[in-house]
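The values are calculated or read from the model by the stated rules, or taken from the named source; none is laboratory data. Every value quoted in this text rests on a predicted model; they were computed, and no experiment measured them. Ideal geometry is used to build each Cβ from the backbone, glycine not excepted, and the neighbour counts take in all protein chains shown.
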Amino acid sequence: MVARRATAARLVSLLVASVLLAGCGAAATPVPSAGPSTSAGPTAGPTAPSGPVTTLEGVQGATIQIESQGTFIDPGEGEVTGAGRGSGAIIDPSGIAVTNNHVVTGAALLKVWIGGDATKTYNARVLGVSECSDLAVIDIEGDGFPYLAWYEPAPKVGLDIYLAGYPLGEPEYTLNRGIVAKADAPGDTTWASVDTVVQHDAQSNPGNSGGPLITVDGQIVAVEFAGNPAHQSFAIGVTEVNRVLADLKAGKDVTSIGVNGRAVSDEAGTTGIWAASVGSGSPADKAGVKPGDLITRLEGLPLAADGTMGDYCDILRSHDPTDELAIQVIRSSTQEVLEGRINGPALAVVQTLGGNPEPTAAPSAGASPGASPGASQPPAGYEFVAVREEKGRVTTELPTEWSDVHQGDWIRDDVAIGAFVGGATDWARWQDGYEVPGIFLGVSTQFAAESIDAVLDEQKAVFEKDCTYEARKDFDAYGFVGKFDIFRSCGGTQNSFFVVAVKPADGGYVALAQVVVLADRDLFATDHAIEVLKVSMP
């Protein structure tokens, strides 16, 4: 078998930092002391309408106030158990309504009031959400509700519009007039990433989130989602809504892993997506993400460096909902860094904040010359299986995750020069590019007379063609002495690649490892494979 290359996520060293949550000008707001009464309990819906609302006056009957009750984690205040309120619009007489993801995601309970009527309370359930589009569709109990239709033409600058909703968490319905100021404004924010949005000058306050921006005929031009201190307001246009609406109504989440997230950063330079809450049963929940976690990397890429959700959402949009995605989080409550995969192995601790990875992985990007790589105790839940070359020349242990295992002759220029074992999540992809984690571990007596530097220089000449060479460091552990090379940004990605060359004490052979690392846990696997390596060359 010919040794090939593959990918590795760039390793990071993370420090504890306090994270400040940026404000959202149109967010769901805390419940005031005086609000809609809930004593009436759920009631049946009204008589079925003959068609959508067609007048400005009729919009009130299809505009809803939503109360989300649950536990949310704020980076400044910690755990907050309570309720927040936003707005929404009924778009189907069966009780289907549209609002913002940040209004409803992670809530344990949703309550709805319609048209400012505080005497009737309705329960609702979330059908589907889109974190990146900041949209959600809910189903209100009952039937026969007044509903709004969509404004189909592309909105033009100067179009008269009205913003309907329930600002500041108050029960009174409000309607503010304005015009479309920009029909195609940028939509990257700290909590969403929409390609383009509608900018308008109708007054918007916290609590207007999710409310409809409407025409004088009561048609929805856009869904409100943001405002700023400069009195600029922004809403998600019909074009963006139409991209996701059918899936959301069908109960499918779009560009979502199930977090109510926000891009954050601090003075120390730590950036990521703060998970204020996590939807039960969502991919994030199944992967072990908890409220209060800071998602720092997804698929090896750092998140929120520009202060927005842009990179996070671009990654989600580049993958199918069922794809495995490498994820890294900081859990400040336990002072730990964890790594795992969305739709794959759950998060496991790889580092204690303020210290080194436990154990220090080999080859570690931060290892100093002459340092021992350290013990190979794997992260919790990381299991290994013995892998033996068919003639018994090479035996080691690889992670069970690297289930696509191969072994046999190590071929160079069509000649067998030794033996190898290797494994990856997908061996063909490991060989062809820089996309999946795994290892090639070959052993040859033909290199025994060569220096380690000569062996690595030959490898370097190959890999620096499509990687950025960073450094060569010493390796001294488990009875092996050698060196390893570090490559970055391979194949136009942000991924890293390691080549390790070592000899035993008697210098009788060279063991060469090419390693792809999507998470620190994969480095632990490399450390372990070298530690337990057994060689029986003729």
If you check TYR434 against the conditions, is it under 30 Å from GLU299 (Cβ atoms) and without any contact (Cβ under 8 Å) to a residue 24 or more places away in the chain?
no
Picked from the stretch 80-97 (must be more than 17 Å from GLY261 (Cβ to Cβ), at pLDDT below 95 and not polar (S, T, N, Q)), the residue surrounded by the most Cβ atoms within 10 Å (Cβ to Cβ) is ARG85
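From the residues in the stretch 297-345 that are of a type in the set (Ser, Thr, Tyr) and either in contact with a Lys or Arg (Cβ under 9 Å, 6 or more places away or on another chain) or assigned to a loop (DSSP other than H, G, I, E, B) (or both), which one is farthest from THR271 (Cα to Cα)?
First pass over the stretch 297-345, keeping only residues of a type in the set (Ser, Thr, Tyr): 308, 312, 318, 322, 332-334.
Narrowing further to those that are either in contact with a Lys or Arg (Cβ under 9 Å, 6 or more places away or on another chain) or assigned to a loop (DSSP other than H, G, I, E, B) (or both): 308, 318, 322, 332-334.
On the way: THR308: 10, SER318: 21, THR322: 26, SER332: 13, SER333: 17, THR334: 18 Å.
Checking each candidate, the answer is THR322.
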Checked pairs for the stretch 413-428, first over 19 Å from VAL517 (Cβ atoms) and touching a residue at least 60 places away in the same chain (Cβ under 8 Å), second among the basic types (Lys, Arg) and not in a loop (DSSP other than H, G, I, E, B), C-beta under 9 Å and 6 or more apart or across chains, list as GLY418/ARG412
THR445 passes all but one of the listed conditions (1) at pLDDT 90 or above; (2) under 19 Å from PHE498 (Cβ atoms); (3) of a type in the set (Val, Ile, Thr); the exception is number (2)
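Quick one: which residue in THR7, THR47, THR43 is in the same structural domain as GLY207 (by TED's automatic domain parsing), modelled with pLDDT under 50 and either aromatic (Phe, Trp, Tyr) or more than 23 Å from GLY237 (Cβ to Cβ) (or both)? Steps first, answer last, please.
Working: THR7 fails: in the same structural domain as GLY207 (by TED's automatic domain parsing); THR47 fails: modelled with pLDDT under 50.
Sole residue among the options that is in the same structural domain as GLY207 (by TED's automatic domain parsing), modelled with pLDDT under 50 and either aromatic (Phe, Trp, Tyr) or more than 23 Å from GLY237 (Cβ to Cβ) (or both): THR43.
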Filtering the stretch 437-460 down to residues that are in a helix (DSSP H, G or I) and in contact (Cβ under 8 Å) with a residue 24 or more places away in the chain yields ILE452, ASP453, VAL455, LEU456, GLN459, LYS460
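Provide a single number: the residues in the stretch 395-422 that are aliphatic (A, V, I, L, M) and either closer than 10 Å to SER444 by Cα or at pLDDT 95 or above (or both). Full working, then the answer.
Narrowing the stretch 395-422 to residues aliphatic (A, V, I, L, M): 398, 405, 411, 415-417, 419, 421.
From what's left, either closer than 10 Å to SER444 by Cα or at pLDDT 95 or above (or both): 416-417, 419, 421.
Count: 4.
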query: Going by the structure shown, is ILE273 aliphatic (A, V, I, L, M), under 20 Å from the mean Cα position of the chain (by Cα) and closer than 15 Å to TRP191 by Cβ?
result: yes
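One line per residue, one yes/no per condition, for (1) touching a strand residue (DSSP E or B) at 6+ places or on another chain (Cβ under 9 Å); (2) more than 16 Å from THR99 (Cα to Cα):
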{"position": "LEU148", "(1), (2)": "yes, no"}
{"position": "PRO155", "(1), (2)": "yes, yes"}
{"position": "TYR166", "(1), (2)": "yes, no"}
{"position": "GLU172", "(1), (2)": "no, yes"}
{"position": "ALA183", "(1), (2)": "yes, yes"}
{"position": "GLY187", "(1), (2)": "yes, yes"}
{"position": "THR190", "(1), (2)": "yes, yes"}
{"position": "ASP195", "(1), (2)": "yes, yes"}
